[in-house]
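Just below is one structure, and these are the notes that go with it.
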Amino acid sequence: MISRKFVTFLVVAGIALTPTARAASSLPRGVPEEQGIDSTGILKLIDALEHDVKSAHSLMIVRHGKVVAEGWWSPYAAEDTHVLYSLTKSFTSTAVGFAVKEGKLSLDDRVISFFPDLAPANPSANLRAMRVRDLLRMNSGHQNDTMDRLRAHADGAWVKAFLSLEVENKPGTRFVYNSGASYVLSAIVQKVTGQTLNDYLQPRLFTPLGIDQHPWAITSEGIALGEGGLALRTEDIAKFGLMYLQRGLWNGEQLLPVSWVAMATSLQTSNGSDPNSNWEHGYGFQFWINKTTGFRGDGAMGQLCFVLPEYDTVVAVTSGTSDMGGLMDTIWEALLPAIHVVPLTPNFDAQEKLRNRLSHLTLPTTPGEAHSAREKEISGKTYTFPANDESVSAVRLDFSGEKPVITFQNEDGQHAITCGVGAWTRGRTGFQKSISRLFDRKEQGVGTSGAWTAPNIFTVQLCFDETPYIVTYRFTIEGDKLLMDTEHNVRWGPTTLPQLTGSRAP
């Protein structure tokens with residue numbers, strides 16, 4: 001599940017629109033060939049994503065301002081917001097762009113000038129030299145990312161902690177990916193505007209683009225997580241990319257200056273020389289330069305917004321993968337050859353295949369049998385577990401109804417989860433609450449799929465569908481014991497956890 005580093009944060013909720021308003025704010029739709037994209041190329045991309053990437057959650061392709069392909073792998077759905085992780089940084093940069101436009105700050109303002117009460121009594125020359133520009137382009141002068149050191153401060157005073165750290169190098173001279181720098185950018189915007197990033201961007205970005213759901217976590221010191229706290233729907237990611245593709249223009253209104261867009265999305269600092277790497281072709285202002293063409297916002301585990309001006313194309317992807325480089329290469333290799341300068345002859349057969357494919361996307365459900373002769377041995381029985389890192393104190397499996405129900409017990413109480421068999425079943429749960437705590441909720445969305453993978457083993461996948469995370473639990477019957485194995489699809493740290501042994505309660 002999501003790292004425990006995030007569990008203390010609160011949410012600033014987005015403003016909800018009516019369904020009619022949401023429909024009115026949607027991007028126009030188009031046919032791939034009419035917009036110069038071969039439908040067979042998109043089909044090849046979907047094949048490659050399903051074969052090579054574990055796993056894609058959503059895909060949206062926008063050409064010439066029109067959505068030509070969109071799909072969500074069940075149990076993910078179009079209405080879901082999805083945690084963006086570091087793709088959030090590009091929105092933080094956008095907030096800085098608005099603040100510069102409005103004269104509230106400049107790129108050459110010194111960082112410590114915003115926080116005189118938090119700066120050390122005798123700041124070093126390197127700290128005094130650090131500018132807003134240096135934070136934006138990841139040239140703060142720190143030797144390593146500062147984020148873990150900020151989170152280690154129990155008092156939650158992250159800005160003060162950032163300013164207290166040694167700045168080993170002269171700012172502007174060395175690229176170091178630094179999430180702490182993005183957080184301080186959020187703090188600077190809040191300092192000069194009196195608003196969190198979410199509130200500040202509401203009338204300037206979210207409302208014009210018709211983005212009505214945008215939960216954004218804030219820290220205990222009341223500052224939005226500028227490095228990774230935003231969640232959006234797939235179409236909203238695409239809208240953001242399209243606004244940048246149009247150089248800040250939206251529905252005839254110049255939201256951001258063309259000059260800012262040009263600076264933010266062009267090479268501001270070198271970050272390597274490996275031609276095969278997707279992360280060594282330069283960095284802008286919280287945007288990455290792609291190795292093939294264009295630029296992107298980029299979040300952990302495959303949350304991506306590709307902007308390809310050469311192709312007049314935007315690609316939005318959410319996923320849960322540990323191979324982001326492979327995901328990007330799949331897109332370059334499968335999609336780019338399918339994009340043409342002029343409209344193509346209609347390919348009605350391929351278009352129909354594509355429509356059908358996109359409307360029936362699904363992540364693999366748990367393979368196996370719906371029933372086992374041994375399910376009666378454990379159905380309705382409670383198994384208790386000794387203290388463990390997963391904080392699961394007891395489990396009960398019930399096979400008496402139409403669908404299996406698993407009830408987990410932890411420090412927050414009992415959590416009954418109904419399992420789909422042969423399909424995904426969507427619901428909500430307070431179990432594994434870290435993402436819920438991130439957004440100050442009691443529950444989060446979950447999709448489930450379970451099956452008997454052996455006569456004595458019931459396996460269930462819990463897909464926490466606002467996140468990249470899928471957790472697989474395998475329950476093995478051994479006499480009066482229940483063995484529980486836990487495996488995560490992606491995770492900071494080991495993805496396979498130690499086996500737990502539960503004893504049948506009297």
Condition (residue is within 22 Å of A56 (Cβ to Cβ) and either crowded, with 16+ Cβ neighbours inside 10 Å or β-branched (V, I, T) (or both)) applied to region 391-407: is it met by at least one residue? no
Of D323, D349, which residue is within 24 Å of the chain's Cα centre (by Cα) and more than 18 Å from H64 (Cβ to Cβ)? D323
Check P116, P120 and return the single one that is touching a helix residue (DSSP H, G or I) at 6+ places or on another chain (Cβ under 7 Å) and in a loop (DSSP other than H, G, I, E, B). P120
Hey, among the residues in region 441-458 that are among the β-branched types (V, I, T) and open to solvent by less than 10 Å² (accessible area, probe 1.4 Å), which one's farthest from the chain's Cα centre (by Cα)? T448
Filter region 163-201 down to the residues that are in a loop (DSSP other than H, G, I, E, B) and closer than 26 Å to D212 by Cβ, then identify the one that is least open to solvent (accessible area, probe 1.4 Å). T196
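Can you pull out every residue in region 459-471 that is assigned to a loop (DSSP other than H, G, I, E, B) and open to solvent by less than 10 Å² (accessible area, probe 1.4 Å)? It would help to see each step written out before you state the result.
Residues of region 459-471 that are assigned to a loop (DSSP other than H, G, I, E, B), as a first pass: 464-469.
Within region 459-471, F464, D465, T467, P468, Y469 meet the criteria.
Just give me the residues in region 413-424 being over 15 Å from P367 (Cα atoms) and open to solvent by 30 Å² or more (accessible area, probe 1.4 Å), in sequence order.
Across region 413-424, the qualifying residues are Q414, A416, T418.
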Taking region 119-155, which residues are buried (at least 16 other Cβ atoms within 10 Å of the Cβ) and farther than 25 Å from Q268 by Cα? A119, P123, R149, L150, R151
Pair list, Cβ under 6 Å, 6 or more apart: region 195-211 residue touching a residue at least 24 places away in the same chain (Cβ under 8 Å), other residue open to solvent by 10 Å² or more (accessible area, probe 1.4 Å) and in a helix (DSSP H, G or I): T196/Q190; Y200/T193
In region 252-270, how many are surrounded by fewer than 24 Cβ atoms within 10 Å (Cβ to Cβ) and either of a type in the set (K, R) or part of a loop (DSSP other than H, G, I, E, B) (or both)? 8
Scanning region 230-251 for residues that are in a loop (DSSP other than H, G, I, E, B) and under 19 Å from G97 (Cβ atoms), which turns out least open to solvent (accessible area, probe 1.4 Å)? G248
One residue is enough: does region 121-130 have a residue meeting the conditions touching a Pro at 6+ places or on another chain (Cβ under 6 Å), of a type in the set (G, A, S) and closer than 22 Å to G180 by Cα? yes
For S90, indicate whether it is within 19 Å of G299 (Cβ to Cβ) and polar (S, T, N, Q). yes
Which pairs have Cβ atoms under 8 Å, sit 6 or more apart or on different chains, and link a residue in region 368-390 that is in contact (Cβ under 8 Å) with a residue 40 or more places away in the chain to one that is part of a loop (DSSP other than H, G, I, E, B) and open to solvent by 50 Å² or more (accessible area, probe 1.4 Å)? A370/G422; S372/P455; A373/P455; R374/P455; N388/P498; D389/P498
Restricted to region 273-292, and to residues that are without any contact (Cβ under 8 Å) to a residue 24 or more places away in the chain and surrounded by fewer than 17 Cβ atoms within 10 Å (Cβ to Cβ), which residue is nearest to M328 (Cα to Cα)? N276
Looking at (1) among the small types (G, A, S); (2) open to solvent by 10 Å² or more (accessible area, probe 1.4 Å); (3) at pLDDT 95 or above, can you tell me which one S434 breaks? (3)
Which ranges mark the helices (runs of 4 or more DSSP H) fully within region 298-384 that have 3 or more residues being at negative phi and open to solvent by 70 Å² or more (accessible area, probe 1.4 Å)? 348-359
Across (1) within 19 Å of the chain's Cα centre (by Cα); (2) closer than 26 Å to V62 by Cβ, A217 clears everything bar (2)
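Residue by residue, here is whether (1) modelled with pLDDT of 95 or more; (2) over 23 Å from V317 (Cα atoms); (3) out of contact with any helix residue (DSSP H, G or I) (no Cβ under 6 Å at 6 or more places or on another chain) holds:
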| position | (1), (2), (3) |
| --- | --- |
| V446 | yes, no, yes |
| N456 | yes, yes, yes |
| Q461 | yes, no, yes |
| I470 | yes, no, yes |
| L482 | yes, yes, yes |
| W492 | no, no, yes |
| P498 | yes, yes, yes |
| S503 | yes, yes, yes |
Take the residues in region 1-49 that are crowded, with 17+ Cβ neighbours inside 10 Å, modelled with pLDDT of 95 or more and among the charged types (D, E, K, R); name whichever of them is farthest from V342 (Cα to Cα). K44
In region 58-114, which residue that is of a type in the set (K, R) and closer than 25 Å to L335 by Cα is surrounded by the most Cβ atoms within 10 Å (Cβ to Cβ)? R63
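Kindly indicate whether any position in region 33-49 is acidic (D, E) and within 20 Å of L361 (Cα to Cα).
So far as region 33-49 goes, yes, one or more of its residues are acidic (D, E) and within 20 Å of L361 (Cα to Cα).
Does any residue of region 410-417 turn out to be touching a Lys or Arg at 6+ places or on another chain (Cβ under 8 Å), free of Cβ contacts under 8 Å to residues at least 60 places away in the same chain and not in a strand (DSSP E or B)?
yes
The values are calculated or read from the model by the stated rules, or taken from the named source; none is laboratory data. Just so it is clear, the model here is predicted, and its values are computed rather than measured. Neighbour counts are summed over all protein chains in view; Cβ atoms, including those assigned to glycine, are modelled from backbone coordinates with ideal geometry. We work out accessible area using only protein heavy atoms, side chains counted, and drop any ligands, DNA or RNA first. Shrake-Rupley method; radii C 1.70, N 1.55, O 1.52, S 1.80 Å.
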